[in-house]
Amino acid sequence: MALSKSVCKLCLFIFNAVFIVAGVAIFAVGVWTAADKVYISDIVGNNSFEAAAYLVIIAGIIIIGVCILGFISLAKERKILVIVYFAFWILIFIFLMVGGILAVVFRAELESGMKDAMKRTLTDLYGHTSTAEQRDATTAWNRVQHDLRCCAVDNDDWGTYKFTQWYLSQDDRIRQKPFVPSSCCVYDERSGSINDQDKCQYWQLGPPGNSFTQFKNTALYYQGCYVAAKNFIMDSSEAIVAVGFAFGLTLIFGMVFTVFFLRHIGNIDDEEIRRRQRSKTPNDGL
């Protein structure tokens, strides 16, 4: 049994209301990611994460715009508006499906060259200030180590910093050089400060000063940033894939209701055309 026009209209109204809220949420997440998280692209040798953040912003804007068009179409009940509205949802459905597939491919491609790219940006760029790429890489490494609570590339890989410009440019005539930057040191969120920076950077009884002892430097992050960054990006891509396919499946229901509503409007338009034709037909008695 076909759904009535009023039921279709109510379902589409609810559908648009839900999706416009979702569109605002997607837009907000995209802006937050682009503003606060894309710096990770500067150290992993791949800009796909940054591109994905901006695509999420664009997707949110498009969804909001299409939902507004949907409300106008429901109010005016114009066939051409509903057709355009339906066409936009088809394009968004394709966009979400392709985006989900690309996110899966991106995860596979990223892991293969990610570690080498991180080692390159750390050893070749960290501590240099001559170019924008060098400054961005230095800032990105400091933020990654601070935010993801990690240090260098691999676990126990503090020695890598001895080959960076940051280490080589330090003056050690007065005091021993610090082995790692302060972003590798354990940060206490409650106090808003590093727990023990001196122990983190100079402690001689344990890493990074003497990695051959069994002592643990409790002021230093031991996890490498490769694992931390990979987990961060994989979790983010999983969320994109899940949202893309979930929205795509939900869109199917919206498109079904749109088709039913379009059929009702089409029937009304056909009746209107026949009525106008009858009104233009000359009376037989004249």
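The values are calculated or read from the model by the stated rules, or taken from the named source; none is laboratory data. Please read these numbers as outputs of a predicted model, since none were measured by experiment. Note that we place each Cβ from the backbone using ideal geometry, even for glycine, and neighbour counts take in every protein chain shown. With ligands, DNA and RNA removed, areas are computed over all heavy atoms of the protein, side chains included. Shrake-Rupley method; radii C 1.70, N 1.55, O 1.52, S 1.80 Å.
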message: So, LEU205, is that one assigned to a helix (DSSP H, G or I), surrounded by fewer than 13 Cβ atoms within 10 Å (Cβ to Cβ) and out of contact with any Leu (no Cβ under 9 Å at 6 or more places or on another chain) or not?
response: no
- request: Starting from the range 177-197, keep only residues that are in contact (Cβ under 8 Å) with a residue 24 or more places away in the chain, then list their pairs with residues that are in a helix (DSSP H, G or I) and basic (Lys, Arg) whose Cβ atoms are within a distance under 8 Å, requiring at least 6 positions of separation or different chains.
  value: PHE179/LYS162; SER183/ARG143
statement: Expected single match for open to solvent by less than 80 Å² (accessible area, probe 1.4 Å) and either modelled with pLDDT of 85 or more or over 15 Å from GLU238 (Cβ atoms) (or both) among ALA103, ALA108, ALA117 is ALA117
query: Looking only at the range 122-151, which residues are in contact with a Ser or Thr (Cβ under 9 Å, 6 or more places away or on another chain) and hydroxyl-bearing (Ser, Thr, Tyr)?
result: THR123, TYR126, THR129, THR138
task: State all residues of the range 160-200 that are part of a helix (DSSP H, G or I) and of a type in the set (A, V, I, L, M, F, W, C); if no residue qualifies, say none.
output: PHE163, TRP166, LEU168, CYS184, CYS200
message: Which count do you get for residues in the range 212-261 that are crowded, with 17+ Cβ neighbours inside 10 Å, aromatic (Phe, Trp, Tyr) and modelled with pLDDT under 85?
response: 5
message: Condition first: modelled with pLDDT of 80 or more, touching a Phe, Trp or Tyr at 6+ places or on another chain (Cβ under 7 Å) and open to solvent by 40 Å² or more (accessible area, probe 1.4 Å). Can you find one or more residues in the range 181-200 that meet it?
response: yes
